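Step one of this worksheet: look at the structure below.
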Amino acid sequence: MKELSKYLAEEKFYKTVVEDGSDIIFIVDYDANIVYHNPSVKKTIGHTSLTGKQFFDYIHPSILKKIKRAFNDSTNLPYNSNVEFLFLCADGDYKYLEFNSINLKHKDDISALILDCRDISGRKKDQEELIKAQKAKEQFLANMSHEIRTPVNGIVGMVNLLSRTLQSNEQIKYLNAIKHSADNLKVIINDILDYSVIESGNLTLENIGFDIDYQIKSVIDSLELQANEKGLPLKYDASKNECKILIGDPVRLSQILINLINNAIKFTNEGEINIRLSCSLSQKERAIATFEIQDTGIGIDKDKIGHIFDTFKQADESITRKYGGTGLGLAISKQLVELQGGKLEVESKVNIGTTFKFSIPYQIGTSRDLIHHPSDKKDDSKKGRKHLEGMQVLLVEDNDVNRLYASTILKKWGCICNEAENGEIALELLRKNEYDVILMDVHMPVMDGLEATRIIRKSFDLPKRDIPIIAFTANAIKGEKENYIRLGMNDYISKPFVPDELLKIISLLYKPNNKTATENKESSTLPLFNLTYLKEISDGNEEFISEIIKTFVDKTPDLLNQMIEGSKENNWELVGSLAHKLKPNLILLGMDSIKELTLSIEKDGKNSLNTETIPERVQSLFSISSQAIEELKTSGYN
C-alpha cells in the first residue's frame, strides 16, 4: 500500500494513464475551445497541437448539429458516454472517435469538460461490412425470389387456364398435383423471405383494428379444402372468447395460425384438428388472446421437442424427406409471437398428437378502429370486369409463359392488350400508341422496368407521363412496394399473381371514357373519396359527417401549402411531419388513391431519403387533394 501511495503521489499514475495512454484526452471549456490534450492526439489523428483550437472546427459537417447537441447535453450532466463523431485528422481524412465526458463543473466548479476519446474506426468498419453483407444477402434473396417465382408464376397461371377447359377427371387430377407442388414451392420461398426480414430486424408490425373471430374463421376457411382432402375436420371453438375487436397485426396473426394449422394438417393422417380461442380482459382496455391448435397426428419425441423451433431444422431428418418443408415455419411463428409480446409453447406425445399454444396481448378496440370492416367486402368481380372492357393495356414482361398467362387473363376481361419484351420496346410502343394502364415487369434484359418508368415520368409529355404503372414483379421482399411507388410506379403486384388481386388494383387506377387514366379527371364519374367508413363510424350522422368534411376542406389547403414551402426550404422533417398529420384524414374520408403517396412522403421526409423526388410528389399530392376538395364541396355535405 505504501508503494501504491508513493506511485500516486509522484504522479506516475497520471503519466501512465493520461500522458502515455492510448485514449485521446481533451479538456475543453463550455465554448468548445480546446485547452489541453495529451500526446495521443499525435499518435491517433496526427495533429501536433490543437491547444487553443475550436473543437467543433474538426467535426465532420454532416454530424455537426448532432455533436453540438450532445456537447450541450454534456455541459448539463455530470457524465455522458458513447458519443460517436468523425474528427478531422492531420492528413485531411476523418476518423471515427467516441467520447465519454466528465463535467468539471460538478467536480471542481470549473466550466469545462474532460473528453476521453477512443478510436472506434475498426468497430465502425466491422459494422459497415456487416451492413454490406446484410444488403448482399437481401439482394441475393430478392434475385432468388425473382428467379424462382417467375417460372412458378407461369406454371400456376397455365394450370389455372387449363383447369377451366379440361373435362377429363384424370387430367384435372394431374393438374391439381402440379398446382399443389407449385403451392408448396411458394410456401418455401415465402418462409425463406420472411425469415430473412425478421432476422435483419426490419419487420414492422401493424397496429390496426380487426375482428378476432372473423380473422380466425378466414384462416380456417382458406385451409378447409386442404384438410378435407385428408378427411380431417377443422373444429373451431370460441366459447371462451370475450372480445370482438382487437388492435394489433391481423396479418401476422393469420401467418402464425396458417403455419401451425398447416403443420397440424401435414402431420395428421386421421382424427381431427381443434382450434380454440380464449380471449379475456387482462386490465383496462387490454386483453390476452390465447390460441390452441391441437392435432391427433404423429407427435414429437420428447428428446427432440426442444429442437423444433430451431431454424432450418425439423424434429427428424426423415420428416423433411417424407413431408417436405424448409424447417422455418415454426421458427418464424415463434419469432412473430415473441415480437408481439407473446409466448409460443408446445406439448406432444408420439402417435397421440401435438398441441401448440400461444398468447398475445392486444389492446381492446371498437368498430371505429376497423379501417375495412369484414361486412364491406363484397364480390364486385363481375362489375369490375365489365368496367375494364375496352381498356388499353401495355403488358411489359420478358418471360413468354408469364406474358401469355397475363395477356389471356386481360383479354378475358375484355381488355385490348399490347405486349413488349423489355422496357425499350415498351417506350417505343408508348410513343406511338395511347394506353390506359401499363403492367411493368421490374427485372428485364436490355432495359428494366424501373429505368423505363423513370424515363416515362421524366421525359414523356402529359397525359402519357402520368399513366398508371403497376409493378409486375417476382420480388417479394418487404418494402418493395414502397420502393416502387417512390420510383414513380402507382402500385405493385407480386408474381405468382391472383387474377382477382390484379383486377382490384387495375379497377382502382383505371377510369373509363378517358384517353388515359389520369387525363380529364374532372369528367370521371369515380370520386376521389369514399364516405362509407365515415358514415359507419358516425352511424350516418350527417351533422358529424359535414363537420369532418368542412374541417378537411378548410384546413387542408394551408397544410399542403406548408408542405410545398417546406419542400422549397429542404425542410424534409417538416414535410414528413405534415404528411403524417394529413394521413388520418385521408383514411377517414376513404381517399385510398393518395394514401400511398402520402405515406411515401411521410417516410422519406422523416428519414431524409429520396429527397430529390419529394417536391414533385408533394406537388402531385397538392393537385390531387385540391381536386378532391372541389369534389367534396359539391358532395352535398359541405
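Quick look at the numbers
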| item | result |
| --- | --- |
| Global geometry of segment 381-510, whether rounded, prolate or oblate, following the gyration tensor of its Cα atoms and the 1.5 cut on a/c | rounded |
| In sequence order, calculated HN-Hα J values of segment 402-410 (Karplus, 6.51, -1.76, 1.60; Hz; x Gly/Pro) | 5, 5, 5, 4, 5, 5, 5, 4, 4 |
| Calculated from backbone phi, Karplus (6.51, -1.76, 1.60) coupling profile of segment 292-304 in Hz, x at Gly/Pro | 10, 10, 10, 10, 10, x, 6, x, 10, 4, 4, 7, 10 |
| Sequence-distant residues sharing a close amide H with residue 236 (under 5 Å, placed H) | 275 |
| Sites residue 89 and residue 580, calculated FRET efficiency, Cβ-Cβ separation with R0 41 Å, nearest 0.05 | 0.50 |
| Cβ-based net charge around residue 347, under 12 Å, with every Lys or Arg adding one and every Asp or Glu removing one | 0 |
| Ordering of 330-336, 458-464 by packing [mean C-beta count within 10 Å, highest first] | 330-336, 458-464 |
| Cross-link pairs beyond the 31 Å C-alpha cut-off, checked among 66/135; 53/124; 411/581; 135/458; 495/535; 125/458 | 411/581; 495/535; 125/458 |
| Candidates per GluC sites (Glu not before Pro) in segment 248-298, loop by DSSP, up to 13 other Cβ within 10 Å | 270, 285 |
| Ranked by how many other beta carbons lie within 10 Å on average, peptides 434-441, 483-490 from highest | 434-441, 483-490 |
| Amide H partners (placed H, <5 Å) of residue 289, local residues excluded | 360, 362 |
| Under-5 Å amide H pairs with residue 416, H placed in peptide plane, nonlocal only | 390, 391, 392, 393 |
| Per-residue HN-Hα couplings for segment 500-509 [Karplus 6.51, -1.76, 1.60; θ = phi - 60°; Hz; x = Gly/Pro] | 5, 5, 5, 4, 5, 5, 5, 4, 6, 8 |
| Efficiency of FRET from Cβ geometry, residue 367 and residue 416, R₀ 35 Å, rounded to 0.05 | 0.25 |
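Here, each number is a calculation from the coordinates, and none is a lab measurement. These numbers come from a predicted model, not from an experiment. Note that each Cβ is placed from the backbone with ideal geometry, even for glycine, and that neighbours are counted across all protein chains shown.
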